[in-house]
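The values are calculated or read from the model by the stated rules, or taken from the named source; none is laboratory data. Just so you know, these numbers come straight off a predicted model, no measurement behind them. Here the Cβ positions follow ideal geometry from the backbone for every residue, glycine too, while neighbour counts run over all protein chains shown. The protein model used for the area step is the full one, side chains on, heavy atoms only, and it has no ligands, DNA or RNA in it. Shrake-Rupley method; radii C 1.70, N 1.55, O 1.52, S 1.80 Å.
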Amino acid sequence: MRKLAIVLLVLPVLAFGGYFAATTYANREAGRQIDAVFQNLGEGGVEARHGAVSFDLLARQLDVADIVLTYPQGRGSTTIAHLSAAGLGQVEGGRVKVDRLELKDLAFEGRIGDTPATHASWTAPSLVVEHYEGPAEVSAPAGRPWQIALAVLRTAKIGRITVPVSTLSTSRGTGDAAISGELAYGGTTLDDIAGGIIARLAVTPSKIATTSKDGSGAGTIGAVTGEGIDVGAWINAVTGEPVATDQTGTLVKSYRVDGYDYAMGDKVKVKGGPLTLTDLSVKAPGLPTAELMEVEAALRAKEAAGEPIEREDIAPLMDVLARAAAVTHLGSFDAGELDLASPDGAKARLTTIHVGALSDGVLSEAKIEDFAGTDHVGRPAKIARIALAGARVADILQQSAARMAEDDHAGVAPAPQRIDLVQRFEITGFEVPSEIGDGPVSIEKMLLAMDGIVDGVPAKVTGTLRMALPTAVLADQQIFALLAANNVPRITIAGDIASNWDPATGTAVIAPISLDISHVGAIAGQLRIGNVTPAAFSADDAAALAASRRETLEQAAFTLKDNGLFAMKMRELAQQQGVKEDAVRQLVTGVAAFIVNQFANDRPQLEPAGQALITFLQAPGGALTVKVTPRSTLTFGDIMDSVENDPLTLTDKVNIEASASK
């Protein structure tokens, strides 16, 4: 650690890089003092130069011209055309004060963080610091300019920093992977800085411009306000410096942008309402900033080379994002109305975007509401609501990374480590145009909810689906092709499922289980299973199979209903054979009766069920109900073995009740 006298007040050029040192008041030996400080910076790895130095004793004003700070390891340099510090003095405790410090023609140029491919420059005609008070000396690791800046800010008090205008330019990558941008900031004011925390931030509207292989874009960013901004936390986040295990870096307590707009020629146009963010922080070990930039650079390089990006190439990105999610805390994020337009004429508006608390990698809630738009030919699309709750974001990303990294030529993904990745997911009022068939694809409601998590396994699961779509969308499936041939333009699908598991008794009841497809049929029922343990949901396939084989079937009951498919099939067969429909039905029921009698001769207990099946087939629109109850303990291992060896032996182990109705 090196002691550095504060002769030049150090301020961050920008959160992205480039930091310059701090100073104590100057006395009549200002030149010698300045030389000593610059020499100390040089010994610490910063090449520091300056021009003429003058000191007005009566005005207590120090002036230094032509300051150049060149940072080690190719991190860039900062230049200051002129520094003027007025009202220099000493206060109680050996601290120094400056009434007003003005820096003219500031410029930083160099790389951001530890990524050589990212270049940045920042310029400002003027920067004014008012009412500075800080220590006469500060300790910071040698050769780390941002550490000097942070050490000063953590121990100093500043009334206000004003930057009337400034410009940030960045560039990254080469060739087709090159992307550059320029952000022209409006007037920036930082008030009441103490302990490295900016109490209030205000930026008047700014302008942005970008250039990439996809074209050039331009836009504006509305007025920005913020509170509780920790400069040190931002430095840690941008530089990738580790966060102490006992420290949480609060990036910002609250932040608001009063709208924005952006257009890239005629390719895309975006206009949004206010953005608000609260309580953003990072805990140990900090964000993997450098790794994220490295992964992004690798993907861009592969894309620029014309090589396909495989799923294993995305795995490192998912892994880095998972680690970032695990250390990031967010209070909330909200976005106002968002308008989108594309050159083909498609338009859309989204009224609400809300993200709730993110903590320990788990997102409490997120939703979008009231989306409405039209496609390129004017067909409407809408979403009333998409919402989720209890999303384990870090686990989702980590498991995605594991799947993508897996050599999966057999097409079998690894078993998930958890199944409670999202506790609730809901879609309502969803409607999009269909390229084929009659009308849109619409989802009235889709819901999946989990509750009562035990060892990563939900004790309660519920699901609901209500949707409608053109029959032509599914016409490549034989059943729906038959519907299309019978001029059924649209179908509706309704499904419900609920599962309740009692970990204490090991009993799971799945009821209802129902699926109803218009013009096809419906099935509804319930299932009762015993000896269900968390091991059945293990990521270890062998352990999961063994636990599933030990589970027992206690009862199963189902009702099958014909919604018209049977009649369509009979009609199709009749037309193919050139006979009447009744003749085909009689033939089918006759064959069924023959088969039932054959089985009943060997196993008389099957005759009632067989007769119920025949009754069901004799007339369209009927219903068949079957109830199965084991005569004694029947494990799923027994069921699997019987199905593999001789399925009919199962009928000797259960009682079957069946009935048919028209």
Next on the checklist: For LYS580, give me every one of the lysines with a C-alpha distance below 17 angstrom, ignoring sequence neighbours fewer than eight places off in its own chain.
Outcome noted: LYS569
Checklist outcome for this item: Along segment 488-494, Karplus-curve 3J(HN,Hα) (6.51, -1.76, 1.60; θ = phi - 60°) to the nearest Hz, with x for Gly and Pro, reads 8, x, 9, 10, 10, 10, 10
Checklist entry - Once you list every other residue whose beta carbon is under 14 Å from the beta carbon of ARG603, what net charge do they have if Lys and Arg are +1 and Asp and Glu are -1? => result -2
Checklist outcome for this item: Residue-normalised 222 nm signal for the chain, counting each DSSP H run of n ≥ 4 as -39,500 (n - 2.57), nearest 500 deg cm²/dmol, is -7500 deg cm²/dmol
Next on the checklist: Quick check: at a probe of 1.4 Å, how many percent of the accessible area of the chain sits on carbon and sulfur atoms?
Outcome noted: 57
Next on the checklist: Please report the equivalent ellipsoid semi-axes of segment 162-271, computed as sqrt(5 x eigenvalue) of the Cα gyration tensor, largest first, in whole Å.
Outcome noted: 29, 19, 12
Checklist entry - Which of the lysines could be linked to LYS213 by a straight reach, that is with a Cα gap under 18 Å, when you skip same-chain ones fewer than 8 residues away? => result LYS267, LYS269, LYS302
Checklist outcome for this item: Here, ALA346 and THR189, labelled 7 Å along Cα→Cβ, have an inter-label distance in nm of 4.3
Checklist entry - Which length gain, in nm to one decimal place, applies between SER84 and VAL68 when the Cα-Cα distance is subtracted from 0.36 nm times their residue separation? => result 4.2 nm
Checklist outcome for this item: Scattering profile of segment 431-496 from the Debye formula, Cα beads only, expressed as log10 I(q)/I(0) at q = 0.12 Å⁻¹, is -0.44
Checklist entry - Along the charge dipole of the chain, Cβ charges K/R +1 and D/E -1, which of PHE537, GLY93, SER342 sits furthest on the positive end? => result GLY93
Checklist entry - On average, how much accessible surface per residue is there in the chain, in Å², for a 1.4 Å probe, leaving out ligands, DNA and RNA? => result 49
Item to check | Proximal aspartates and glutamates relative to LYS347, as straight alpha-carbon distance under 20 Å, when same-chain residues fewer than 8 apart are discounted | outcome: ASP261, ASP266, GLU337, ASP339, GLU369, ASP370, ASP375, GLU431, GLU435
